[in-house]
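The values are calculated or read from the model by the stated rules, or taken from the named source; none is laboratory data. Note that this is a predicted model, so its numbers are computed, not measured. In this analysis, Cβ positions are derived from the backbone assuming ideal geometry, glycine residues included, and neighbour counts consider all displayed protein chains. To get the accessible areas, we keep the full protein, side chains included, count just its heavy atoms, and leave off ligands, DNA and RNA. Shrake-Rupley method; radii C 1.70, N 1.55, O 1.52, S 1.80 Å.
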Amino acid sequence: MKGQKSKRLLAALMSASMGIAAVPAAFSVSAAETADSEGKVVFSLDFEDGDVSMFTNRGENDTTEISVSDEASVSGSKSLLASGRSKDWNGPAFRLDDKLEPFTEYYISAKVKGRYYTGATFSFQYTNADGETKYSNLVQNLSGSDWMSVENVKVSFTDEMTGVYVYFEGGQDDLFIDDFVVTEAPSVEIEQDIPGLKDVFANDFKIGTAFTPSGLSSKPTMALVEKHFSGSITAGNEMKPDAVLNQAACQAYFEETGDDTVPQVGFSAAKPLLNYCRDNNIPVRIHTLVWHSQTPDWFFKEGYSNDGEWVSKEKMLKRMENYIKAYFETLTELYPTIDFYACDVVNEAWTDQGTPRQPGEQGSSGSEQSAWVQVFGDNSFIEPAFEFAREYAPKGCKLYYNDYNEYMDGKMNVIIEMANGLKEKGLIDGIGMQSHLDARQSLDAAFPSVSMYNKALDKYSKLGLDIQITELDVTTPENPTEADFKVQADYYKGIWDAIYAHKDSISAVVLWGITDDGSWRANKSPLLFDADYKAKPAYYSIIEGREVPPIVDPGKIKYGDANCNGEVRLNDAVLIMQAIGNPDVYGVNGSDETHITEKGIINGDVANTGDGLTNADALAIQEYLINLIDSLPKK
């Protein structure tokens with residue numbers, strides 16, 4: 001009854017102007033708070049007191065013995081010694097979740113040395129809410145003849161993670177550890193006086209990014225997401241098959257029912273990220289359903305067993321359908337309000353030469369092998385994957401084929417041929433161009449060349465399908481100089497100009513990461529913002545010549561005050577509707593003396609913040625005035 005009364009009241013308020021359709025709620029997270037430039041040191045371990053009790057080995061199957069040693073050290077005379085390592089994954093581990101706070105970012109620095117030669121990796125592990133242990137490498141290739149340094153590596157964890165460790169692994173040689181320091185990361189103020197990328201290109205395409213739940217713990221990282229990238233979020237790893245498929249649950253279901261064609265899925269790894277997108281009304285790209293990599297081999301084996309026989313093509317088709325069905329149904333049941341607007345149905349199925357990958361276990365000999373090809377014999381699994389995705393995907397979710405080196409002739413030609421066939425059957429909506437590019441030392445040496453990339457855009461545009469740039473980054477040489485960053489900026493501009501020239505065919509541009517140090521290619525500084533959260537020359541190059549919206553201090557915005565008179569009243573909603581309905585008179589350049597101003601547009605953007613003025617903003621103001629919502633912008 002209350003809802004009907006509210007609707008009638010809103011209708012009465014609107015009778016003098018025009019109708020408004022309700023839209024999903026949204027709000028913006030606040031920018032990072034100013035803090036000391038140096039973080040608080042939480043632990044500083046040099047082992048001079050002989051205490052190594054904060055380190056353990058990695059469980060009962062790890063033969064590592066932890067002791068204090070005076071054989072080698074960086075400072076002082078002692079270090080931690082990890083000896084007796086019988087496997088390369090054995091090593092000294094430091095537990096985080098019993099010492100540190102969740103949703104807080106920390107920096108870890110340390111020194112590591114092998115007894116005879118240093119060959120180590122600094123890694124991270126945790127157990128998720130489903131009881132599965134996950135691993136990732138934080139710093140690789142710690143190789144050399146002496147002490148190697150780990151410097152200010154960012155780590156964090158959520159309150160749903162348990163058994164959270166950082167650890168050193170690699171080889172079977174003894175390892176010495178010294179000067180292990182954990183610092184609470186300082187909160188850094190991002191640059192608020194530069195235009196947000198999502199605002200600059202708001203009328204052209206979505207601007208988004210990819211990151212993992214660890215980024216949620218960093219205030220400056222999330223401030224960058226809010227300001228520049230909140231048009232689209234992609235989970236870096238947490239929605240890929242190995243993060244979603246649950247082997248223990250699959251085997252339990254099989255044991256209970258005798259049916260091993262119904263894979264069991266869960267989204268505990270992605271939950272923190274998806275919660276953030278839900279709460280902030282941010283659209284999500286699903287990455288990815290069917291992929292040879294990061295899909296466990298047991299998924300293709302009898303009984304979901306690691307050492308089982310390969311299943312038949314017929315059984316794998318049933319598994320594929322049930323997996324895709326469960327994926328979408330579980331996801332939309334958990335998050336009915338998220339706009340899952342795009343999905344990479346099949347990822348990286350073709351080689352650069354335009355042939356299917358080799359059959360085999362995906363982890364046994366590099367990326368050329370595919371368990372999908374092992375079971376199907378070729379790439380005939382692609383079409384049914386799109387058929388099942390079309391049947392079960394949520395309404396409005398567009399379906400894409402996604403690949404890297406998508407500008408090379410062999411791969412490009414076969415993608416176009418495949419896409420045409422799928423298009424004729426109504427199964428595909430677009431092409432995802434990953435766009436992992438390399439600026440190198442000069443524009444002449446860059447790969448691909450700008451003209452080569454533009455040629456690919458020309459060809460894909462002619463398909464009549466949508467295009468999304470899904471994983472954009474541009475590497476430099478290692479240890480880049482100012483000259484290298486200048487080349488990177490010029491190359492980014494050339495690539496972006498090519499993208500912009502095809503904007504009528506492109507609906508989203510997604511950067512694969514936020515800051516250089518968080519990139520999967522961190523050693524080659526591939527992104528638009530550096531490790532200090534500052535815009536690089538590449539950022540300025542891509543907005544050069546574009547119409548830049550006015551910059552307003554977020555603290556000076558008075559949400560709802562569209563006419564800038566210092567109050568929020570019904571006439572603010574009316575002005576918004578007038579500006580939309582008759583822009584020549586009431587728009588920002590209108591002739592009427594009461595026309596809306598640039599500041600008024602910013603104040604009035606209260607429903608889907610960042611999308612400019614819509615009728616939903618006028619509706620939100622009215623809802624606020626009659627106490628249907630407590631505050632603006634609308635949450």
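I'd like to know if the stretch 56-71 contains one or more residues that are farther than 17 Å from VAL155 by Cβ, small (Gly, Ala, Ser) and not in a loop (DSSP other than H, G, I, E, B). Scanning the stretch 56-71 turns up at least one residue that is farther than 17 Å from VAL155 by Cβ, small (Gly, Ala, Ser) and not in a loop (DSSP other than H, G, I, E, B). Can you pull out the residues in the stretch 497-523 that are part of a helix (DSSP H, G or I), touching a strand residue (DSSP E or B) at 6+ places or on another chain (Cβ under 8 Å) and closer than 27 Å to CYS343 by Cβ? Hits for the stretch 497-523 are ILE499, SER505, GLY518. Among the residues making up the stretch 586-601, those that are under 23 Å from VAL548 (Cα atoms) and either open to solvent by 40 Å² or more (accessible area, probe 1.4 Å) or of a type in the set (Ser, Thr, Tyr) (or both) are TYR586, VAL588, ASN589, SER591, HIS595, THR597, GLU598, LYS599, ILE601.
Exactly one residue out of GLY91, GLY39, GLY76 is part of a loop (DSSP other than H, G, I, E, B), touching a residue at least 24 places away in the same chain (Cβ under 8 Å) and closer than 30 Å to PRO220 by Cβ: that is GLY39. Residue check: is VAL290 of a type in the set (Val, Ile, Thr), in contact with a helix residue (DSSP H, G or I) (Cβ under 7 Å, 6 or more places away or on another chain), open to solvent by 10 Å² or more (accessible area, probe 1.4 Å) and outside any helix (DSSP H, G or I)? Here the answer is no, as VAL290 does not meet what is asked. Selection of the stretch 542-560 for residues being modelled with pLDDT of 95 or more and touching a Gly at 6+ places or on another chain (Cβ under 9 Å) yields an empty set. Give the stretch 293-308 a look and list any residue that's in a loop (DSSP other than H, G, I, E, B) and open to solvent by 10 Å² or more (accessible area, probe 1.4 Å), or say none. Selection gives SER293, GLN294, PRO296, SER305, ASN306, ASP307, GLY308. Whether any residue in the stretch 118-132 is without any contact (Cβ under 8 Å) to a residue 60 or more places away in the chain, acidic (Asp, Glu) and under 30 Å from GLN251 (Cα atoms) is what I want to check. Among the residues of the stretch 118-132, not one is without any contact (Cβ under 8 Å) to a residue 60 or more places away in the chain, acidic (Asp, Glu) and under 30 Å from GLN251 (Cα atoms), which makes the answer no. Evaluated against (1) in contact with an Asp or Glu (Cβ under 9 Å, 6 or more places away or on another chain); (2) touching a residue at least 12 places away in the same chain (Cβ under 8 Å); (3) surrounded by 19 or more Cβ atoms within 10 Å (Cβ to Cβ), VAL574 falls short on exactly one condition, (1). The strands (runs of 3 or more DSSP E) found entirely in the stretch 107-216 that carry 2 or more residues being open to solvent by 20 Å² or more (accessible area, probe 1.4 Å) and not basic (Lys, Arg) are 118-127, 133-144, 148-155, 162-169, 175-184.
Would you check if MET239 is in a loop (DSSP other than H, G, I, E, B) and within 25 Å of ASP517 (Cβ to Cβ)? In short, yes.
Filter the stretch 242-287 for residues that are part of a loop (DSSP other than H, G, I, E, B) and of a type in the set (Ser, Thr, Tyr); which is farthest from ILE469 (Cα to Cα)?
THR261
As a summary of the residue check, VAL548 satisfies the conditions (1) under 30 Å from ASP473 (Cα atoms); (2) of a type in the set (A, V, I, L, M); (3) open to solvent by less than 30 Å² (accessible area, probe 1.4 Å) except for the one numbered (3). Of all residues in the stretch 57-81, those being closer than 14 Å to PHE180 by Cα and surrounded by fewer than 19 Cβ atoms within 10 Å (Cβ to Cβ) number 4.
Provide a single number: the residues in the stretch 309-354 that are of a type in the set (Val, Ile, Thr) and either free of Cβ contacts under 8 Å to residues at least 12 places away in the same chain or in a helix (DSSP H, G or I) (or both). Of the residues in the stretch 309-354, 3 are of a type in the set (Val, Ile, Thr) and either free of Cβ contacts under 8 Å to residues at least 12 places away in the same chain or in a helix (DSSP H, G or I) (or both). Residue-level check: of (1) open to solvent by less than 20 Å² (accessible area, probe 1.4 Å); (2) under 30 Å from VAL606 (Cβ atoms), ASN281 misses just (1).
Of the residues in the stretch 281-296, none is out of contact with any strand residue (DSSP E or B) (no Cβ under 9 Å at 6 or more places or on another chain) and not polar (S, T, N, Q). Selection of the stretch 387-404 for residues being at negative phi and in contact with a strand residue (DSSP E or B) (Cβ under 8 Å, 6 or more places away or on another chain) yields ALA389, ARG390, ALA393, PRO394, CYS397, LYS398, LEU399, TYR400, TYR401, ASN402, ASP403, TYR404. Pairing residues of the stretch 448-475 that are under 19 Å from LYS524 (Cβ atoms) with residues that are modelled with pLDDT under 95, at Cβ distances under 8 Å and at least 6 apart in sequence or on separate chains, gives ASP473/SER519; ASP473/ARG521; THR475/ARG521.
Taking the stretch 312-370 as the search range and keeping residues that are charged (D, E, K, R) and under 24 Å from the mean Cα position of the chain (by Cα), which one is most open to solvent (accessible area, probe 1.4 Å)?
GLU333
When ILE177, ILE233 are screened for being touching a Phe, Trp or Tyr at 6+ places or on another chain (Cβ under 7 Å), at pLDDT 95 or above and at negative phi, only ILE177 passes.
Considering only residues that are free of Cβ contacts under 8 Å to residues at least 60 places away in the same chain and surrounded by fewer than 20 Cβ atoms within 10 Å (Cβ to Cβ), look in the stretch 495-507 and name the one that is farthest from LEU465 (Cα to Cα). Checked the stretch 495-507; the qualifying residue farthest from LEU465 (Cα to Cα) is ASP497.
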